[in-house]
């Protein structure tokens, strides 16, 4: 028996908790949070979609997994809106694709999106882009950013047709200060989706009207 192990036992340590000297204790990750709609099945909880169907997957932000579904219409039909829904506190709510892609992009810039496969956006027909106006709204919602006018000017300068490069967003977060990275990392993904979603035209769409119409 090695001396460090024997001393730990003599000191009253539980044998299962003893680790060799120099071992760095890794912080425990918080348990995943899954936002669920419907008590039975996902399909039964979604609105009835005639002349089409929903494709669904989960978008992960740190440890929060939110289910999103996109309406896919049959040939010759289309929806009036983007047809994108997300599970919000047990109920389906509309959201604009630009809001989702920008939140995911800002999260990537802060290195907090390791669980989100880029193919998830493609599966939901969401462009993998960061939109300048939505990114600015996220900074406003954080309520922790000094000189918002300078940040807005910077976003306008670096954006091309309202699209911002990932590295430029990362540089903006670094310029604001290291504390903002912690705030972005610990964003309440669902709350930000809800707050930004309410400010887009998607909120004007009554959920039962998400349907496929003849083009």
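The values are calculated or read from the model by the stated rules, or taken from the named source; none is laboratory data. For clarity, every value in this text was computed on a predicted model and none was experimentally measured. All Cβ positions, glycine included, derive from the backbone under ideal geometry; neighbour counts span all protein chains shown.
Is it the case that the range 141-159 has a residue that's under 17 Å from the mean Cα position of the chain (by Cα) and either closer than 20 Å to residue 81 by Cβ or modelled with pLDDT under 85 (or both)?
Residues of the range 141-159 under 17 Å from the mean Cα position of the chain (by Cα): 141-142.
With either closer than 20 Å to residue 81 by Cβ or modelled with pLDDT under 85 (or both) added as a condition, the list becomes 141-142.
Yes, the range 141-159 contains a residue that is under 17 Å from the mean Cα position of the chain (by Cα) and either closer than 20 Å to residue 81 by Cβ or modelled with pLDDT under 85 (or both).
Suppose we filter the range 125-134 for residues that are under 20 Å from residue 85 (Cα atoms) and either at pLDDT 90 or above or surrounded by 22 or more Cβ atoms within 10 Å (Cβ to Cβ) (or both); how many remain?
5
The helices (runs of 4 or more DSSP H) located wholly in the range 102-197 that include 1 or more residues which are in contact with a helix residue (DSSP H, G or I) (Cβ under 9 Å, 6 or more places away or on another chain) and under 21 Å from residue 70 (Cα atoms) occupy 118-123, 132-142. Checked against (1) over 18 Å from the mean Cα position of the chain (by Cα); (2) crowded, with 20+ Cβ neighbours inside 10 Å, residue 87 passes all but a single condition, namely (1). Within the range 40-70, restricting attention to residues that are over 23 Å from the mean Cα position of the chain (by Cα) and over 22 Å from residue 99 (Cβ atoms), the residue that is modelled with the lowest pLDDT is 40.
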